[in-house]
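Notes for the one structure printed next.
Computed from the coordinates by the stated procedures, all read-outs in this text should not be read as laboratory data. In this text the structure is predicted, and so the values were computed from the model without any measurement. Here the Cβ positions follow ideal geometry from the backbone for every residue, glycine too, while neighbour counts run over all protein chains shown.
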Amino acid sequence: MSQKLFILVIIAAASFSQTKAQSATAKDTLSYNRAQIDTLDSQIIDLLGKRMAAARAIGMYKIDHHIGVVQSARFDEVLQNAIKHGTSLGLSEDFIRALYNDIHKESIRQQEELQRTYHH
């Protein structure tokens with residue numbers, strides 16, 4: 001799922017780079033770039049919402065199959081893939097680690113909430 005997030009961010013960034021901002025005034029360029037950031041930020045939030053929906057679906061599966069919420073090996077795999085991909089795009093490893101640790105915390109929170117609600 002994390003690869004889909006980055007692929008969509010790359011697609012959005014690619015469309016951003018194909019602009020006519022070069023011929024615009026400095027103020028227009030600033031406004032345009034800020035509008036692009038606003039659009040990208042909205043897409044990131046939408047993608048995170050979709051990622052959490054997938055995490056909740058996994059949480060339900062874990063409840064049905066009596067699997068613990070935290071699967072450290074899986075998180076390590078996702079994190080390493082994200083670091084590899086993110087650093088290839090010029091993002092720092094520290095940034096990717098912090099981002100994915102926060103995403104993981106939210107996934108755990110949501111799955112634990114499901115367990116409290118639906119645990120048989």
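Structure values in brief
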| quantity | calculated |
| --- | --- |
| Criterion violated by Asp102 - all others in (1) part of a helix (DSSP H, G or I); (2) more than 15 Å from the chain's Cα centre (by Cα); (3) without any contact (Cβ under 8 Å) to a residue 40 or more places away in the chain satisfied | (2) |
| Enumeration of residues in region 82-98 that are surrounded by 15 or more Cβ atoms within 10 Å (Cβ to Cβ) and in a helix (DSSP H, G or I) | Ala82, Ile83, His85, Gly86, Ile96 |
| Test: residue in region 62-72 that is exposed (fewer than 11 other Cβ atoms within 10 Å of the Cβ), assigned to a helix (DSSP H, G or I) and over 16 Å from the mean Cα position of the chain (by Cα) | yes |
